[in-house]
Amino acid sequence: MSLKKILAPKPKVSEVLTAYLEQCNEPPWTSYFIKYRDVKNDHFGRSHFNWTLNSGTNYHILRTGCYPYMKYHCTQRPWQDLSLDDGFFKFIKLLNLGIPMLGYGLAARFLIRHTELVDMGPKYGQVPIYFLYAEDKGSRY
């Protein structure tokens, strides 16, 4: 990796999430990985939360760290208080010391088969996100 790439400004992971959902015309669901090194992690400590786009479309986000990635599973659903769920997932992650998520990240390195680029404009350029397989955009399942 070049020094220029390392020193380049990085978008927040929340900005990439929004840009990707909008780029895909607000799909009913999506599930992807993003590398820690490509973004600033402004979702640290969040596991299950609402994410509302400017259009008003809301997503329930399941997020976990699985080094060297973060995993996002996004489902279009009405806003709901997810604080109890979020706390439960945090507790489980602390209880198991994150070991299963480390294993998931290591396995993902071998299972990922598809990459897409999220256009983040001239300031950040394109940010790669990774999938286990290519998704059928707009599919309900």
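The values are calculated or read from the model by the stated rules, or taken from the named source; none is laboratory data. Predicted model only: the values in this text are computed from it and were never measured. Cβ sites come from the backbone with ideal geometry, for glycine too, and all protein chains shown count toward neighbours. For accessibility, only protein heavy atoms count, side chains too; no ligands or nucleic acids. Shrake-Rupley method; radii C 1.70, N 1.55, O 1.52, S 1.80 Å.
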Review point. From the residues in segment 119-134 that are out of contact with any strand residue (DSSP E or B) (no Cβ under 9 Å at 6 or more places or on another chain) and free of Cβ contacts under 8 Å to residues at least 60 places away in the same chain, which one is farthest from Thr30 (Cα to Cα)?
Key: Pro122
Study note, to complete from the structure: The lone condition Gly45 fails out of (1) out of contact with any helix residue (DSSP H, G or I) (no Cβ under 9 Å at 6 or more places or on another chain); (2) loosely packed, with under 13 Cβ neighbours inside 10 Å; (3) farther than 19 Å from Tyr124 by Cβ is (1)
Review point. Which pairs do you get when a residue that is on the phi < 0 side of the Ramachandran plot, found in segment 99-113, comes within reach of a residue that is assigned to a helix (DSSP H, G or I) and of a type outside the set (Gly, Ala, Ser), reach meaning Cβ atoms under 8 angstrom, with the pair 6+ apart or on two chains?
Key: Met101/Lys93
Practice item. Starting from segment 32-60, keep only residues that are at positive phi, then list their pairs with residues that are assigned to a loop (DSSP other than H, G, I, E, B) whose Cβ atoms are within a distance under 8 Å, requiring at least 6 positions of separation or different chains. Key: none
Review point. Taking into account only those residues within segment 106-129 that are over 14 Å from Met70 (Cα atoms) and in a strand (DSSP E or B), which is least open to solvent (accessible area, probe 1.4 Å)?
Key: Val118
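What number of residues within segment 5-34 satisfy the criterion of being of a type in the set (Phe, Trp, Tyr), buried (at least 17 other Cβ atoms within 10 Å of the Cβ) and assigned to a strand (DSSP E or B)?
2
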